[in-house]
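Shown next, in structure tokens, is the structure this report addresses.
The values are calculated or read from the model by the stated rules, or taken from the named source; none is laboratory data. As the structure is a computational prediction, the values presented were derived from the model and not from experiment. Ideal geometry is used to build each Cβ from the backbone, glycine not excepted, and the neighbour counts take in all protein chains shown.
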Amino acid sequence: MSSLVEVVLEEIKKHDASAVEEVELEIGELTLLGKEQCLFSYEVLSKDGPLKGSKLIIKEKKAKVKCGKCGSEGPIGRSDDPLDHLRLPRFSCPKCGENVEIVSGRDCIVTNLKLVVD
Ligand SMILES: [Zn+2]
């Protein structure tokens, strides 16, 4: 979350803005940061400094994986097993069962910023 502040600060400088009104953040399904955690961190970060008084909007993004063997792409497969949430998600291809590569879903990026420019 501290890198978020850096990104915002850079944008403020670039646009010569005086404050931030709104920050839109996209968090991938596989980031270690949960939505609640992000909101909490942001609350702390926006108490003072350049983010003071701004609003955070979080959009969750589904992860995408790609199979190196058959080239199949798609979301991470989830089984209906009720015990599944206790385990790590399965990162295997739904078509051929090979290991898949994570294409997206591990990032936490600022997608939109509303700045106040005097
Ligand atoms: Zn495959």
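Residue pairs whose Cβ atoms lie under 9 Å apart, separated by 6 or more positions or on different chains, with the first residue in region 90-103 and near the ligand (Cβ under 9 Å from one of its atoms) and the second part of a loop (DSSP other than H, G, I, E, B) and among the β-branched types (Val, Ile, Thr), are Val100/Ile76.
If you scan region 14-37, which residues turn out to be closer than 21 Å to Val117 by Cα and in contact (Cβ under 8 Å) with a residue 12 or more places away in the chain?
The answer is His15, Asp16, Ala17, Ser18, Ala19, Val20, Glu21, Glu22, Val23, Glu24, Leu25.
Summed over region 38-60, the residues that are of a type in the set (Lys, Arg), under 16 Å from Asn112 (Cα atoms) and over 15 Å from the mean Cα position of the chain (by Cα) give a count of 1.
The number of residues in region 1-17 that are part of a loop (DSSP other than H, G, I, E, B), surrounded by 11 or more Cβ atoms within 10 Å (Cβ to Cβ) and more than 14 Å from the chain's Cα centre (by Cα) comes to 1.
Candidates in region 104-118 are the residues that are assigned to a strand (DSSP E or B) and not hydrophobic (A, V, I, L, M, F, W, C); of these, the one that is nearest to the ligand (Cβ to nearest atom) is Ser104. Condition (residue is at pLDDT 80 or above, surrounded by 15 or more Cβ atoms within 10 Å (Cβ to Cβ) and closer than 30 Å to Phe40 by Cβ) applied to region 69-80: is it met by at least one residue? No.
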